[in-house]
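> I'd like to ask some things about the structure below.
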Amino acid sequence: MLVALDGECFAEPWTQQMWHDELERPFCELWGAFAETGGLAGYCCVWFLAGEAHLLRIATASEFRRRGIGQLLMDKIRQRALQTSCEQVQLEVASRNVAAIGLYQRFGFEVVGRRPGYYRNPNDDAVLMTYELRG
């Protein structure tokens, strides 16, 4: 379910082995949002490390978009970040992904930098975004 949804949502989906390796990290957490039918409607994968939460992946299945699942997951990230004494949530997003950048800005994230050539398929820069939890 997770690998399939990741493949639907990302140009460079993670393999089952990549997910396994990621989830072996003690600072990595994965949460799913499930439909009433039991299917995976969305998920997020986050690192909580050194006073920061780093959002690695967040996705919603196409048939469940615009139903508040992204907001639910983002609220969970912020809540957990506060519980673990994080001061901010960080993420990278492809510069061409204007819709995602706009969505993150609506969630309160601000653009703080850029990583040229970060993505390879297709080649694109990463926009660095941060959500400050304190102050």
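> Output the residues belonging to segment 2-12 that are more than 15 Å from Glu63 (Cβ to Cβ) and within 13 Å of the chain's Cα centre (by Cα).
Residues satisfying the conditions are Asp6, Phe10.
> Right, another one. Give the number of residues within segment 97-111 that are loosely packed, with under 12 Cβ neighbours inside 10 Å and among the hydrophobic types (A, V, I, L, M, F, W, C).
Of the residues in that region, 2 qualify.
> Quick one: would you say Cys9 is in contact with a Ser or Thr (Cβ under 8 Å, 6 or more places away or on another chain) and surrounded by 13 or more Cβ atoms within 10 Å (Cβ to Cβ)?
Details: in contact with a Ser or Thr (Cβ under 8 Å, 6 or more places away or on another chain): yes; surrounded by 13 or more Cβ atoms within 10 Å (Cβ to Cβ): yes.
Yes.
> Which residues, taken from segment 113-131, are loosely packed, with under 12 Cβ neighbours inside 10 Å and either in contact (Cβ under 8 Å) with a residue 40 or more places away in the chain or of a type in the set (A, V, I, L, M, F, W, C) (or both)?
Arg120, Asn121, Pro122
> With the requirement that a residue be of a type in the set (A, V, I, L, M, F, W, C) and part of a helix (DSSP H, G or I), what does segment 97-135 give you? Steps first, answer last, please.
Residues of segment 97-135 of a type in the set (A, V, I, L, M, F, W, C): 98-101, 103, 107, 109, 111-112, 126-129, 133.
Answer for segment 97-135, where residues must be of a type in the set (A, V, I, L, M, F, W, C) and part of a helix (DSSP H, G or I): Val98, Ala99, Ala100, Ile101, Leu103.
> So in segment 79-135, with the set limited to residues that are under 14 Å from the mean Cα position of the chain (by Cα) and aromatic (Phe, Trp, Tyr), which one is nearest to Phe48 (Cα to Cα)?
It comes out as Tyr131.
Read-outs throughout are calculated quantities, based only on the coordinates presented, and are distinct from any laboratory measurement. As the structure is a computational prediction, the values presented were derived from the model and not from experiment. Virtual Cβ from ideal backbone geometry, glycine too; neighbours counted across all protein chains shown.
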